[in-house]
Amino acid sequence: MIVVYGSRYGHAKRYAEEFAKLTGVRAVPCKEVKRIEESAVYFGAVYAGNIKGLASAARRTDAAKAEFFAVVAVGLTDSADAATQNALQRSALAALPAPLQKKLKMFYLRGGIDYAKLSAPHRLLMKLMYAAEKKTPPEKRSAQAAAIVETYGTCSDFYDETAAKRLAAELLPQS
Ligand SMILES: Cc1cc2nc3c(=O)[nH]c(=O)nc-3n(C[C@H](O)[C@H](O)[C@H](O)COP(=O)(O)O)c2cc1C
């Protein structure tokens, strides 16, 4: 099994490294992966609904040699929200070639955001989204809109300390 991650500000990387440590394998940044010829656990940060680096990693994966291809989407939105999970699963499926779609096991975790560390384009995008979402009354906001409004301008970290153990128990029940 290989652990791969696509992360810009370190939240997906932190989950990947914790999971890799627990399972005794190496966590590799997606840009360093040449070929994947085994089962994989891909930790990818969510940017505008897309899972960072996933399509490119999937193209370099030999589906026939993978027992499973797990994707852990790490976003800011409440990871238990059903609409969010549906959208992310569709996004993951769209990034995978058909043979790999059959091997997909999908997971959702919450990352975080630190406005002090955002790039200028990212800060601008968040500002535009915040301005749009703020107009919706709180009780009518989607989970994504609520997350954007509640964390706007802050340093928020939703790291889940129990995630690595839960993932390992689900993916590698024999270990
Ligand atoms: C420009 C931008 C777009 C984002 N889009 C989404 C999104 O569509 N859904 C979501 O849940 N989180 C979104 N996020 C939040 C990131 O997924 C979150 O900050 C994540 O923890 C980043 O992971 P990383 O630190 O590994 O890059 C966005 C963040 C930025 C800056």
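The values are calculated or read from the model by the stated rules, or taken from the named source; none is laboratory data. The model shown is predicted, which means the values in this text are computed figures rather than measured ones. A quick note on method: Cβ atoms are made from the backbone with ideal geometry, for glycine too, and the neighbour counts reach across all protein chains shown. Heads up: the accessible areas ignore ligands, DNA and RNA and are worked out on the full protein's heavy atoms, side chains in. Shrake-Rupley method; radii C 1.70, N 1.55, O 1.52, S 1.80 Å.
Output the residue which, of all residues in region 134-161 that are within 16 Å of the chain's Cα centre (by Cα) and in a loop (DSSP other than H, G, I, E, B), is surrounded by the fewest Cβ atoms within 10 Å (Cβ to Cβ).
Glu161
Within region 1-111, considering only strands (runs of 3 or more DSSP E) that don't extend past its boundaries, which have at least 2 residues that are among the charged types (D, E, K, R)?
104-110
Name the single residue, out of those in region 117-133 being more than 9 Å from the ligand (Cβ to nearest atom) and open to solvent by less than 90 Å² (accessible area, probe 1.4 Å), that is farthest from Asp78 (Cα to Cα).
Here the residue is Ala120.
So the check is Cβ under 6 Å with 6+ separation or different chains; which pairs have a first residue in region 67-87 that's in the same structural domain as Glu150 (by TED's automatic domain parsing) and a second one that's open to solvent by 60 Å² or more (accessible area, probe 1.4 Å) and not hydrophobic (A, V, I, L, M, F, W, C)?
From residues that are in the same structural domain as Glu150 (by TED's automatic domain parsing), there are no pairs.
With the structure loaded, tell me whether Val46 is at pLDDT 95 or above and in contact with a helix residue (DSSP H, G or I) (Cβ under 8 Å, 6 or more places away or on another chain) or whether it fails that test.
It is true that Val46 is at pLDDT 95 or above and in contact with a helix residue (DSSP H, G or I) (Cβ under 8 Å, 6 or more places away or on another chain).
Taking Ala57 as the residue in question, decide whether it is more than 25 Å from Phe158 (Cα to Cα) and either surrounded by fewer than 13 Cβ atoms within 10 Å (Cβ to Cβ) or not charged (D, E, K, R) (or both).
yes
Which residues, counting only those in region 24-43, are surrounded by fewer than 18 Cβ atoms within 10 Å (Cβ to Cβ) and either under 12 Å from the mean Cα position of the chain (by Cα) or β-branched (Val, Ile, Thr) (or both)?
Within region 24-43, Val25 is the sole residue that qualifies.
Looking at (1) free of Cβ contacts under 8 Å to residues at least 60 places away in the same chain; (2) out of contact with any Leu (no Cβ under 6 Å at 6 or more places or on another chain); (3) more than 16 Å from the ligand (Cβ to nearest atom), find the lone condition where Met1 falls short.
Every condition holds for Met1 apart from (1).
Search region 60-71 for residues being away from the ligand (no atom under 15 Å from the Cβ) and surrounded by 23 or more Cβ atoms within 10 Å (Cβ to Cβ), and hand back the single one that is farthest from Asp157 (Cα to Cα).
Thr61
Only one of Val46, Val74 is open to solvent by 20 Å² or more (accessible area, probe 1.4 Å), in contact with a Gly (Cβ under 6 Å, 6 or more places away or on another chain) and either aliphatic (A, V, I, L, M) or more than 22 Å from Glu17 (Cβ to Cβ) (or both). Can you tell me which?
Within the list Val46, Val74, the selection yields Val46.
Within region 162-175, how many residues turn out to be outside any helix (DSSP H, G or I) and open to solvent by less than 70 Å² (accessible area, probe 1.4 Å)?
Residues flagged as outside any helix (DSSP H, G or I) and open to solvent by less than 70 Å² (accessible area, probe 1.4 Å) within region 162-175 amount to 1.
Is there a residue being within 14 Å of the ligand (Cβ to nearest atom), in the same structural domain as Ser7 (by TED's automatic domain parsing) and farther than 17 Å from Ala146 by Cα anywhere in region 32-43?
yes
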